[in-house]
Amino acid sequence: MADQDQLTNCYGEPITLDAPGKYNGRAYPAAPGSGPDGATCKTCRHCTYNEMYSGRRYYKCGLVRSTHGYATDIRLKTPACSRYEINKEAG
Ligand code: SF4
């Protein structure tokens, strides 16, 4: 029987996070790093942002309900999660 606490990547392979608690847990629909190797939120089609009048952008995952606060902010360089889908429109 499989260990239900074991994190797996999108291929079902077991993974360990490099630093548990490093990422904002409420902001990501699945564990960062559980997606394809080398991919980040920056190239995911679910990556979106809220832009302030000042022009500053706060990046969010479109699969997570935004709180309009920092609790749901993501970082573009975060390793992709298992819900990652490549953004084919990004250059
Ligand atoms: S990889 Fe995509 S789906 Fe996963 S947290 Fe980042 S933007 Fe969201």
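All of the numbers you see were taken from the coordinates with simple rules; none came from a lab. Remember, predicted model here, so these are calculated numbers, not experimental data. FYI the Cβ positions are ideal-geometry reconstructions off the backbone, even for glycines, and counts take in every protein chain you see.
Residues whose amide H lies under 5 Å from that of Tyr49, counting only those 5 or more places away or on a different chain, are Lys60; hydrogens are built 1.01 Å from N in the peptide plane.
The phi torsions of the range 51-59, fed into the Karplus equation with coefficients 6.51, -1.76 and 1.60 and a -60° offset, translate into couplings of 10, 7, 4, 6, x, 6, 10, 10, 7 Hz, rounded to whole numbers, with Gly and Pro shown as x. The alpha-carbon of Lys88 sits under 20 angstrom from the alpha-carbons of these lysines, leaving out residues fewer than 8 places away in its chain: Lys42, Lys60, Lys77. Each residue of the range 72-84 was assigned a 3J(HN,Hα) from its phi angle through the Karplus curve 6.51 cos²θ - 1.76 cosθ + 1.60 (θ = phi - 60°); the sequence is 10, 6, 10, 10, 4, 8, 5, x, 4, 8, 5, 8, 4 Hz, with glycine and proline shown as x.
Let me check I've understood the local charge: for Arg57, count other residues with C-beta under 15 angstrom from its C-beta, Lys and Arg +1, Asp and Glu -1. What total comes out? Could you put the intermediate results ahead of the total?
Details: positive: Lys42, Arg56, Lys60, Arg75, Lys77; negative: Glu51, Asp73.
Net charge in that neighbourhood comes out at +3.
Which of the peptides 45-56, 71-82 is most tightly packed, and how do the rest follow, going by the mean number of other Cβ atoms within 10 Å of each residue?
Going by the mean number of other Cβ atoms within 10 Å, highest first, we get 71-82, 45-56.
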